[in-house]
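To keep things clear, I will list the structure first and then write my remarks on it.
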């Protein structure tokens, strides 16, 4: 009889544990619920759709990420107006609590400078006796 009571107690506890949800054990304070994850994915998708269908500007180099309703925009655009418009589009989406606009402006004109050492035209000529590979 004692074993039957133990079995019923363990069975009842197991059922209560199963019904209360095992996800509670894996839930940390920084994690999002499955509903929040779905909402964030919906927001991200909607903002991307709205950016892609903007009639004035093109936002091909803009990335959208969402966490807990906060939308982060990153990437590159041509003008400040385009950057501001991307932020406005994101703010208008339902469920957005904040927009972090980390979009950068593309460098303009001929002010681009090469990185690394200077290009040596003689290096391309392999018959040149002074040719030495980079170390």
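The values are calculated or read from the model by the stated rules, or taken from the named source; none is laboratory data. These numbers come from a predicted model, not from an experiment. Note that each Cβ is placed from the backbone with ideal geometry, even for glycine, and that neighbours are counted across all protein chains shown.
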Before we move on, is residue 31 without any contact (Cβ under 8 Å) to a residue 12 or more places away in the chain and farther than 15 Å from residue 91 by Cβ?
-> yes
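If you check residue 37 against the conditions, is it at pLDDT 90 or above and either in contact with a helix residue (DSSP H, G or I) (Cβ under 9 Å, 6 or more places away or on another chain) or part of a loop (DSSP other than H, G, I, E, B) (or both)? Let's see the steps before the verdict.
Numbers: at pLDDT 90 or above: yes; either in contact with a helix residue (DSSP H, G or I) (Cβ under 9 Å, 6 or more places away or on another chain) or part of a loop (DSSP other than H, G, I, E, B) (or both): no.
It is false that residue 37 is at pLDDT 90 or above and either in contact with a helix residue (DSSP H, G or I) (Cβ under 9 Å, 6 or more places away or on another chain) or part of a loop (DSSP other than H, G, I, E, B) (or both).
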Could you check residue 59 against (1) modelled with pLDDT of 95 or more; (2) part of a loop (DSSP other than H, G, I, E, B) and say which number it fails?
-> (1)
Pairs under 7 Å by beta carbon, first residue under 18 Å from residue 100 (Cβ atoms) in the stretch 35-49, partner at pLDDT 95 or above and assigned to a helix (DSSP H, G or I), six or more apart or different chains?
-> 47/89; 47/90
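Keeping to the stretch 61-86, report how many residues are under 15 Å from the mean Cα position of the chain (by Cα) and more than 27 Å from residue 34 (Cβ to Cβ). Show your work before the answer.
So the first thing to find is which residues in the stretch 61-86 are under 15 Å from the mean Cα position of the chain (by Cα), and the list is 61-76.
Subsequent filtering for residues that are more than 27 Å from residue 34 (Cβ to Cβ) retains 61-62, 75-76.
Qualifying residue count for the region: 4.
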Among 101, 84, the single one that is part of a strand (DSSP E or B) and either surrounded by 13 or more Cβ atoms within 10 Å (Cβ to Cβ) or at pLDDT 95 or above (or both) is 101
